[in-house]
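Reading through the structure tokens given below for one structure.
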Amino acid sequence: KKCLIFAQFTKSLDIVENYLFKPHMTSLRYCRFDGSVPPEKRAAIIEEFNTNANVKVLLLTTRVGGLGLNLTAADTVIFLEHDWNPHADLQAMDRAHRIGQKKAVNVYRLVTCNTIE
């Protein structure tokens, strides 16, 4: 099982990485893919996530990668935040639903009460 965790903001990914993964899930192997990743390193990160069975999570921003990004190794998609443009979230979700996907994909949207969303 592999998971994509999408956030609209890199700060949200920082929180997950620095306050959850690093202190409490030290054995978890994960990759991170956001706008700060140089273009020449992006393909290697995607390849690592898709092919390395030990890498279980990919943290990424909703809009990174553009069209055609194939992340069919994932069977779980989690949205930390929602984009004001619903099509941006749908496009992000579709990255796990590409041709070649052989597993059912579960999508979770985290929602918090009493916030401005």
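The values are calculated or read from the model by the stated rules, or taken from the named source; none is laboratory data. What you are looking at is a predicted structure, and each value in this text was computed from that prediction instead of being measured. Backbone-built Cβ (ideal geometry, glycine too); neighbour counts: all protein chains shown.
Among the residues making up the stretch 66-116, those that are under 21 Å from I15 (Cα atoms), assigned to a loop (DSSP other than H, G, I, E, B) and charged (D, E, K, R) are E81, D83.
Just one residue in the set V77, V55 is β-branched (V, I, T) and in contact with a Leu (Cβ under 7 Å, 6 or more places away or on another chain); that residue is V77. If the condition is being assigned to a helix (DSSP H, G or I) and either under 12 Å from the mean Cα position of the chain (by Cα) or surrounded by 13 or more Cβ atoms within 10 Å (Cβ to Cβ) (or both), then the stretch 31-55 contributes R42, I45, I46, E48, F49, N50. Residue count for the stretch 16-46 satisfying the condition of being among the charged types (D, E, K, R) and over 17 Å from I5 (Cα atoms): 2.
Going through the stretch 78-117 one residue at a time, which ones are among the small types (G, A, S), within 18 Å of the chain's Cα centre (by Cα) and surrounded by fewer than 13 Cβ atoms within 10 Å (Cβ to Cβ)? Talk me through it step by step, then tell me what you get.
Of the residues in the stretch 78-117, the ones among the small types (G, A, S) are 88, 92, 96, 100, 104.
The next check asks that each one be within 18 Å of the chain's Cα centre (by Cα); those that pass are 88, 92, 96, 104.
A104 - this is the single residue of the stretch 78-117 that is among the small types (G, A, S), within 18 Å of the chain's Cα centre (by Cα) and surrounded by fewer than 13 Cβ atoms within 10 Å (Cβ to Cβ).
Do we find that T61 is among the hydroxyl-bearing types (S, T, Y) and over 13 Å from the mean Cα position of the chain (by Cα) in this structure?
Values: among the hydroxyl-bearing types (S, T, Y): yes; over 13 Å from the mean Cα position of the chain (by Cα): no.
Taking the combined requirement at face value, the residue does not satisfy it.
Filtering L13, L28, L69 for residues that are surrounded by 16 or more Cβ atoms within 10 Å (Cβ to Cβ) and under 24 Å from A104 (Cβ atoms) leaves a single hit, L69.
Taking A74, is it among the small types (G, A, S) and crowded, with 20+ Cβ neighbours inside 10 Å? Considered against the rule, which asks whether it is among the small types (G, A, S) and crowded, with 20+ Cβ neighbours inside 10 Å, A74 comes out as yes. T51 passes every criterion in (1) closer than 17 Å to I5 by Cβ; (2) β-branched (V, I, T); (3) touching a residue at least 12 places away in the same chain (Cβ under 8 Å) apart from (1). Of the residues contained in the stretch 16-32, one or more are found to be closer than 23 Å to I116 by Cα, modelled with pLDDT of 85 or more and aliphatic (A, V, I, L, M).
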